[in-house]
Every structure is written in structure tokens, then in C-alpha cells.
Amino acid sequence: AARMGLPALGLLLAAGLLHTQGSPSARSFQLDYEHNCFLKDGAPFRYISGSIHYARVPRPAWRDRLLKMYMSGLSAVQVYVPWNYHETLPGVYDFTGNRDVEAFLDLTAELGLLVILRPGPYICAEWEMGGLPAWLLWKPDIILRTSNPAYLAAVDSWLHVLLPKIKPRLYHQGGNIISVQVENEYGSYYACDHGYLWHLLGSFRALLGSEVLLFTTDSTRARELRCGTLRGLYATVDFGPGSNATEAFGAQRRVEPKGPLVNSEYYTGWLDYWGEAHASTSAVWVAQGLEDMLQLGASINMQALWVYHRYMFHGGTNFAYWSGADYKGQYKPVTTSYDYDAPLSEAGDPTEKLFAIRTVISKFQPLPAGPMPPATPKYAYGWVALRKVSAHPEGRPAPAWHCSTAQHPSLSLQYADLLDVLDVLCPSGPIQSQFPLTFEALKQVHGFVVYHTQLPWDVPDPATLGAPPHSICDRGYVMLQKEYHGTLERDGQTTLHVMGRAGDSLDILMENMGRISFGANTSDFKGLLGNLSLNSRPLSNWLIYPLAIDTAVQQGWPHAALPKSSSGGRVGPAFYTGTFETPGIAWDTFVKFPGWNKGLLWINGFNLGRYWSCRGPQQTLFVPGSVLHAGRPNNITVLELEGAPPTALLLFLDRPLYNRTLGCSTTATE
């Protein structure tokens, strides 16, 4: 998405993307340069579309979200394809389950929706590394989004897997994909490598054919249009409601003198960053902006047919580690929720904004017959007490504790310090290195790495443990003798004071908060990028543990094992696990973390993403009902990074909660 500083309504006013000579075939989607409009099957055509990201929506909910978009009056959807979501390791592809993009596209066709496809290879979308696989950085000299041979080889390999799946679904082939975007806002990238764009154009044409409509999207800045456009790719622009539309489209006309005027993303909403205020936009303002655009399009019909595209129409959730980050003078990680203040909420519920938009659309075209599908059912399962439990003498876990009130689920708790279970989380053992290695050097894509060493001398007085500038990526949780001492943070606190004896253990748990998805450079390396020092004297002799937490949780740990029990709240990285039962239903819900600090939540092995209660604005994690088991135990695993409350409680609600920006302490407190 272009960076307009607003939340989300995309206006795809026209991306017709190739001029074809002669009579149209039986099925065709083309540009009419003479009349500055789209032609669908030879006739002038206008559509209204909105964005949805299948990777942010659980597969069981795809039909519900798409049907609500269709019933809102949309005739098309815009869809990104995140490369890193599918090619998880070099040559290892996953198109199953939630990643079955072909099933998603087939469902859009079944429901009568056209598709504008945006397959990248770079997509931005506030997604981890803009959709580029982190394993590209395993070659430290690679130059992303350029004609660099190593990068092009990886791109070509991916496109030869993806695009053959797309070709039979193109409109002229009998499918519903009417246009395809090449790259995304390339003009905003520093490289300005037209050879790269020529290479992509050749690859897309070779794999998709000559009839498909191809386009680019950039801002209205002259430099970005110069670097992001290419002959053979129809150039479109994006801008927000605060822009002067006449001036913005004048910029497009300077690179595309003929053809439809196209705003590929018109924003009336925006995303949330951790530590900033929750974004929201007036439904009245959004609806009025839409009506003004559609009226303008109708009044200049002979000059351009306007096609309305809302970014986002449904945002969804950044499950697991998929949230990206922006760099705007400092590192700005995106929240787990991608609600985007969109017409369909994070949970897929129609909002006031949706009904306002639907009313405007009804003034310009008939709406589908029938009512809007209702909100999905939610359930406030209530308070869940995470109580510590002990083992039976024979080694079996104690039975689950049941709440005394029937409306509450039941939960039992077991507990383990992260440093005590490294053998489980890193079964291959540590890697020895004189100095720290990055995640990329370790071939660790997501999550966490533990860096372990020892104090080389006695430190009887407070000494400064510090890191070079820009070398903490992104948060480091510091433990001395397994006691938590505080957190080092990118663009934040990078020093702590410590004391100890020679030989005392020093551990830093490094967390990747998401690679930069938009900015001058997407080569966002993670971990300790430089060596830590003690009073400016470098530390050495490291044991490095790349952690495979998700693999362990998905295989049943720690529920299949018996971590030690403990009493009272803990400070520092630790796992809290248990089970709870729902009252015979499995409905959507939201989990609040009262008194907790920062961490991750898994339910039944599914990674629901990060919480960061003390920083906000997001206070709850969305739990899709499809993740829960009705009538049998649900396994909960929480990794709390800085400290659980003395009485560890979770609260299941039937609605999300946000707050104003709050501040977290990055040092341990008594």
C-alpha cells in the first residue's frame, strides 16, 4: 500500500493494461485508448472492487468474507500473493490449507467476483519483508528488487511455479482474473533499475501470454513515476483523499497520455503500529468520498470510466510472524491485528462504514438480491485462571482445574522458563561462534534466537552492557544467571547495567518483530548484527541457539511433556500452558491479557500472533472459531517475554479492545 498516512480505501479507477488491435475475442478485457476506458468483451465496463488478503484470513472464513464483499455491491476483489508465504525455503513450496491460493481464486469465481491479481514478486502489504522470502538474505551480497543475478534467479524460479497456476484463471482463458500488476510501487525503491522491470515484463509475458492486461502502481511523484513505469506496462497512480485529484491524475497523464485514469489504491483507513494510536476514520467521510468519486466518473464518462477500489475492504489478522514493519525515521512494527478500520472488521463483521458504502453504491448500480450476511457469532468465554499445577507422584500431570461457574472454561497451568527447555526448542544443539551471527547466517527465518556466553571477568560494580548503533534487531531480552535484567530495543534502549562474577551465564533472547516491508531498503537483517560489549570491551565465545518453538508446539509440546510447576508470577521469558473447555460451541472470540507484558499465544498449535498489552494500542488477539475444539480440551500455550502477572489470567471477550498509546518499561521491576 502506498504511504499516504491514512487508513484504507483503494480506488482502482481503471487499470486496463494493454492495448490490443482488432476485434475482441469472445472473452476479452482490454484498454480502449481512443475512448479512455476499459472494454470487457468489447463493451465499455466499470467495476467497483476492494482488497482482501487470503493469507490474513483462515480458510474456513474465506467464503463468508467474499460473500459479504459481493453483497456489498463489489464486482471485483484485489488480491496479493505473498511469495514468502508459499516458498518457505528455497525450492520448498506450500499451497495447502490456508495457503491454497488456487482454491481461493476458484471461490472468487464461484461467487461471481472478478479479480485484480498482484503477485509481486514484491507486494509490500505491511507483510513480512514485503512478501520477499527472508532466505534471499542468506546470500549477504544479494541486492533485492534489482537485476542482481542471484535475485533474478530466485524470482524466475518462483514465477515458473506460480504463474502457470494463474494462467488458466485469466479472463480471456475463461477465468475471472481481469488484470495483473507487476511489482508494486517500484518507483519508491532506491534502485530505479529499469532492467529489472524489463526482465519481469518478459517473464510475465512468457508465462501468461500476450493478451493479459499488465500494469504498475506508483505515487504521483515525478521521480517515482520515472523509476516505476515502463513501456508495455500500463502506469497507474495511488493517492489519498487529501490529494487534489486533478493534479494527481495530471501526473498520470504525463506518463500515460491516453487510457483510463487510474487510482490503484485510494485510502480512507490505515494500519496500526505498536505504540501508536489506533487508526479510525469516519464512515460518513468515507462514504462521501466514494460518492464524489463515482459522480465525477459519471460526469466525465467520455474521458474516463472510474473504477472504485477500496484498500482494504477486509484486513484480517497477521497471524504468527507475518506482520511487517515500516521505516519512517525509525523502525515501526505493525500490530497483529490488520483490522485497518475496514468496512469488514478483523473478524469479518459488517461495520457502519460498510453499510454507508453499500448505500452509495446502490445509487450507481443495482445491489445483489438478498440481505447482507450477519456478523459471525462471538462468545465471551470469560475469565480463565492460569493456575500452576504439580505432577502426580507417578509423573502424570494433575487433572485440569474447573471453574466453579459454568459460563467459564476450565484451565490448568504448567510452567517452564525458556532457558530451561533449550534442548526441546533447539534439538540440534547450539552453534559455536567467536562473535554473534545474524538470523540469516543461522538460516533462521522467523521467531527467536538465544545468544549465550559468560562474563569473562568479575564485575563487582555496575558495568554497561551495550551494543553498537543499529545492531539490535529487534528486541533482546537479557538474562544474567537466568535472571531477567531488562530489554534492549531497536531505536530504543541499547544499554543495561549489570554486575556479576567471572563465569556467570549471560543470555540474550533476540526477537524478530517483522522485517521492513516498505522503505528505502528491504534487506532487514535480524538478530545481533554487531558484538555486545561490557564497558566497551567486546564479549566473545558465543553459543547460539536458533529456536524452533512453533515446531515443538505443533508436535504437542509442552502438553505432551511435563514442565516444572512454579508459584507466583515470573519475570523474564517463560512458557505458560494449560487446557480449557468451551461450553459445547466453537465461536470466534478475543483474548485479553490483563497484567501481561509481551509475548505470543498458541491455541491447539495455531500461532495467533503477538500481544503487547503494555504498549498497545491492540489489547486483544482475535481467535477464529475454526481454531477451537467444541466439547473437548483446547490446548493453550503462552510465551511471555518480560513477566507474567502474579495471578495469571486470560479474559475471553466477544469484541476487540484498543487503547491509547501506552509506554512499557524495558527494565526489570521488583
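Taken over the stretch 199-234, the residue count meeting the criterion of being buried (at least 22 other Cβ atoms within 10 Å of the Cβ), small (Gly, Ala, Ser) and assigned to a loop (DSSP other than H, G, I, E, B) is 1. Identify the residue in the stretch 466-492 that is under 28 Å from the mean Cα position of the chain (by Cα) and open to solvent by 10 Å² or more (accessible area, probe 1.4 Å) and, among all such residues, is farthest from Gly503 (Cα to Cα). Step by step, filter the stretch 466-492, then rank; the result is Asp491. Filter the stretch 571-611 for residues that are touching an Asp or Glu at 6+ places or on another chain (Cβ under 9 Å) and farther than 29 Å from Ile508 by Cβ; which is surrounded by the most Cβ atoms within 10 Å (Cβ to Cβ)? Among those residues, the one meeting the criterion is Thr589.
The residue list Gly195, Gly250 contains one member that is at pLDDT below 95, out of contact with any Lys or Arg (no Cβ under 9 Å at 6 or more places or on another chain) and either in a helix (DSSP H, G or I) or open to solvent by 40 Å² or more (accessible area, probe 1.4 Å) (or both), which is Gly250.
None of Asn535, Asn541, Asn597, Asn604 is within 24 Å of the chain's Cα centre (by Cα) and at positive phi except Asn604.
Taken as a whole, the stretch 44-57 holds at least one residue that is of a type in the set (D, E, K, R), closer than 24 Å to Gly315 by Cβ and surrounded by 20 or more Cβ atoms within 10 Å (Cβ to Cβ). Considered as a group, the residues in the stretch 122-149 that are open to solvent by less than 20 Å² (accessible area, probe 1.4 Å) and among the small types (Gly, Ala, Ser) include one that is farthest from Thr438 (Cα to Cα), and that residue is Ala125. For beta carbons closer than 6 Å, sequence separation of 6+ or different chains, a first residue in the stretch 622-650 that is touching a residue at least 12 places away in the same chain (Cβ under 8 Å) and under 25 Å from Thr376 (Cα atoms) and a second that is part of a strand (DSSP E or B) and open to solvent by 10 Å² or more (accessible area, probe 1.4 Å), the qualifying pairs are Pro624/Asp588; Gly625/Asp588; Val627/Phe606; Pro633/Thr579; Asn635/Thr579.
Candidates are the residues of the stretch 306-365 that are more than 27 Å from Ser179 (Cα to Cα) and of a type in the set (Lys, Arg); the one that is modelled with the highest pLDDT is Lys332. For the stretch 235-247, the tally of residues that are farther than 21 Å from Val182 by Cβ and part of a loop (DSSP other than H, G, I, E, B) stands at 5. Looking only at residues that are among the acidic types (Asp, Glu) and in contact (Cβ under 8 Å) with a residue 12 or more places away in the chain in the stretch 64-105, which one is least open to solvent (accessible area, probe 1.4 Å)? Residue satisfying both the conditions and the ranking: Glu87.
The values are calculated or read from the model by the stated rules, or taken from the named source; none is laboratory data. The structure presented is a predicted model; accordingly, all values stated were derived computationally and were not measured. No Cβ is skipped: glycine too gets one built from the backbone with ideal geometry, and neighbour counts run over all protein chains shown. These accessible areas exclude ligands, DNA and RNA; they are computed on the full protein's heavy atoms, side chains included. Shrake-Rupley method; radii C 1.70, N 1.55, O 1.52, S 1.80 Å.
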